[in-house]
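What follows is one structure encoded as structure tokens, with my remarks underneath.
The values are calculated or read from the model by the stated rules, or taken from the named source; none is laboratory data. Note that this is a predicted model, so its numbers are computed, not measured. Here the Cβ is made from the backbone with ideal geometry for all residues, glycine too, and neighbour counts use every protein chain on show.
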Amino acid sequence: MAGILPSDPRPWPERRDAGLGNATMRTTIGVVTRRFSSGQRRVFHEYEEAEQARQVAVQAKRRAVRHMDQLIPKVRAKIESHGGQTYMAQDAREAVRLLVEIAQAHDVQTAIKTKSMLSEEIALNRGLEKAGITVVETDLGEYIIQRAHESPSHILAPAAHKNRTQIKRLLDDDARSVEMETPHSEEPADLTRFARSRLRREFLSADMGITGGNFLVAETGTLVLITNEGNADMVTSLPPVLVSIVGVEKVVETWDDLTYLIQQPAMNGIGQRLSSYTTLISGPRQPGMAEGAAEWHVVLVDNGRSSLQGTPFEDVLSCIRCGACLNVCPVFRQVGGHAYGGVYAGPIGIVETPLLTDLQVLPELPSVACTVCHACGEACPMDIDLPGHVLRLRKAKVARCIDHRSARWSYRLWSQVWSTSARYRRSLRLARIAQKLYLKNGQLKNAPGLAQGWFQSRDMPPIAPEMFHEWWQRTRGNAHGQQK
């Protein structure tokens, strides 16, 4: 089984209620996701070639995923021909072990990192810190949540759930811990100015840099990092040792494919034609070069990904981590990323985490965290069938009896009662009588059994005094014969 552990072990109802009760998070997440979604619509309206580029990118990514087994040896050979070193990790434990061994071999005391969802997936920071290595996140959002000892709440904006007051409080505490002057105000410019000064110390003293990877080009052996802050340039050029940890699905075939794919995260994630910074690495520092790491190690991680090849879920490997599906998801906007309990939130998290762990981790997500409104399927630039996958996972859970016994019993009873028109009508007559116990001001406020949770956040109109079939029988029965 893939090494993905839940970031929050609490059951779904507790995580959900914590999200619904966090007014600050719901406000900030709502503002961020709506801004990103409107940006996506705007850029596709203004950029005439956007849709054509997207379609070409989809085909390129699908082709790369289909031929992943052939591309991985090719990209490893290219990297090694440039002086880099490559490794293959089958699961999270092996990946963390490799990173720790590389760090210990170079007597690393401090490592600086760029943003990497894969490193969150395998709990890399925890593994390095357990080995006595200090890890510093240099992406501003990741730096903030590291100070808060939290996991990311959004794929693109890790600290989207926090407002300026909360962020300043965290930075004030960090400033005092290193005897620096605290930020002057809650204004973004002042907060960013402090973070820049604070992180510069780490950039200049770190022993090792760690990056993720947005794409890895098999044709040239080039790692591609896209950021909006430029921290990747510092992480990849200042420390003497650089380690890049990349999911096997990030390999793409050619440079031409990359030219279309590289546009997609920015266009669909935040509504920009291209990210502010693009960092390309093809090897360690060569003689005559002024900057760059003396050693470059690339760890390719499977962690359950190859198991999706050749299955109906293969297109999930095409995900480019743009966050477009999160930005339009009505559930995500209400409960926030932490309610999902894992590294990957929103529609992609609902599908990917259970899939990569063979439904062993967070199997409840497809059933409880999705309304199947299809907004995510329409927003996904890679045409991943997220709504269809949610339904397939629900069917798989039923087939494997993964749902709680009481839920299975309730749905089985419900299906039996409503399997005939006579039982259906009889149940409505009984419900019309029973609902009187839960009526208040003309609305249903509660219900027994599993339905009780549904009413915690909503009311429901009562069952009508006369149903349609009853009206039909009363008004038309004599003319058209007795209705069954």
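Of everything listed in (1) in a helix (DSSP H, G or I); (2) surrounded by fewer than 12 Cβ atoms within 10 Å (Cβ to Cβ), the single unmet condition for Glu181 is (1).
Just to be sure before I move on: is Gln166 surrounded by fewer than 21 Cβ atoms within 10 Å (Cβ to Cβ), in contact (Cβ under 8 Å) with a residue 40 or more places away in the chain, part of a helix (DSSP H, G or I) and not charged (D, E, K, R) in the structure I sent? Considered against the rule, which asks whether it is surrounded by fewer than 21 Cβ atoms within 10 Å (Cβ to Cβ), in contact (Cβ under 8 Å) with a residue 40 or more places away in the chain, part of a helix (DSSP H, G or I) and not charged (D, E, K, R), Gln166 comes out as yes.
Taking segment 392-406 on its own, how many of its residues are without any contact (Cβ under 8 Å) to a residue 24 or more places away in the chain, assigned to a helix (DSSP H, G or I) and of a type in the set (A, V, I, L, M, F, W, C)?
Taking segment 392-406 as the starting set, the residues that turn out to be without any contact (Cβ under 8 Å) to a residue 24 or more places away in the chain are 395, 398-399, 401, 404-405.
This time we only want the ones that are assigned to a helix (DSSP H, G or I), so: 395, 398-399, 405.
Now narrow it down to the ones that are of a type in the set (A, V, I, L, M, F, W, C): 398-399.
The total comes to 2.
What number of residues within segment 370-392 are small (Gly, Ala, Ser), surrounded by 17 or more Cβ atoms within 10 Å (Cβ to Cβ) and more than 20 Å from Met267 (Cα to Cα)? Count: 0. Please go through segment 330-358 and pick out each residue that is surrounded by fewer than 24 Cβ atoms within 10 Å (Cβ to Cβ) and of a type in the set (S, T, N, Q). Once the filter is applied, which keeps residues that are surrounded by fewer than 24 Cβ atoms within 10 Å (Cβ to Cβ) and of a type in the set (S, T, N, Q), segment 330-358 yields Gln334, Thr357. Please determine, by comparing only the residues of segment 148-203 that are among the aliphatic types (A, V, I, L, M) and within 15 Å of Ile29 (Cα to Cα), which one is farthest from the chain's Cα centre (by Cα). For segment 148-203, the residue satisfying everything is Ile167.
Quick check, is Asp17 surrounded by fewer than 17 Cβ atoms within 10 Å (Cβ to Cβ), within 29 Å of Leu356 (Cα to Cα) and modelled with pLDDT under 95? Judged against the criteria, Asp17 is a match. The sole residue among Gly292, Gly283, Gly310, Gly323 that is of a type in the set (Gly, Ala, Ser) and buried (at least 23 other Cβ atoms within 10 Å of the Cβ) is Gly323. Just one of the listed residues (Gly30, Gly21, Gly83) is in contact with a Phe, Trp or Tyr (Cβ under 9 Å, 6 or more places away or on another chain) and of a type outside the set (Val, Ile, Thr), namely Gly83.
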